[in-house]
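Here the structure comes first, spelled out in structure tokens, and everything after it is commentary.
The values are calculated or read from the model by the stated rules, or taken from the named source; none is laboratory data. Everything numeric here is computed off the predicted structure, so don't read it as measured data. Note that each Cβ is placed from the backbone with ideal geometry, even for glycine, and that neighbours are counted across all protein chains shown. SASA here: full protein model, heavy atoms, side chains in, ligands and nucleic acids out. Shrake-Rupley method; radii C 1.70, N 1.55, O 1.52, S 1.80 Å.
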Amino acid sequence: MLASGRQAEALREELTRLICPDPEHEPPCPVPWSASYTDGADEPELDLRYGHLRGR
């Protein structure tokens, strides 16, 4: 998906509430999962592949 950093962080927080049974627990989480995002600036192949979504 194409999202701003703020939007991606909000989505990550929502996913945490859905996936993790107790988001306030000490690490590690009993449910194995991860989430990450990139702005694509350091990954030119992503920009080449998906840059058109930004209207370029």
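Among the candidates L53, L18, L48, single out the residue that is free of Cβ contacts under 8 Å to residues at least 12 places away in the same chain, over 15 Å from the mean Cα position of the chain (by Cα), part of a helix (DSSP H, G or I) and on the phi < 0 side of the Ramachandran plot. Explain how you work it out, then say what you get.
Numbers: L53 fails: free of Cβ contacts under 8 Å to residues at least 12 places away in the same chain; L18 fails: over 15 Å from the mean Cα position of the chain (by Cα).
Exactly one of L53, L18, L48 is free of Cβ contacts under 8 Å to residues at least 12 places away in the same chain, over 15 Å from the mean Cα position of the chain (by Cα), part of a helix (DSSP H, G or I) and on the phi < 0 side of the Ramachandran plot, namely L48.
Of the conditions (1) without any contact (Cβ under 8 Å) to a residue 40 or more places away in the chain; (2) in a loop (DSSP other than H, G, I, E, B), L2 fails just one. Which one is it?
(1)
Which ones in the range 22-50 are open to solvent by 100 Å² or more (accessible area, probe 1.4 Å), modelled with pLDDT under 80 and more than 15 Å from L2 (Cα to Cα)?
Passing the criteria: S34, D42.
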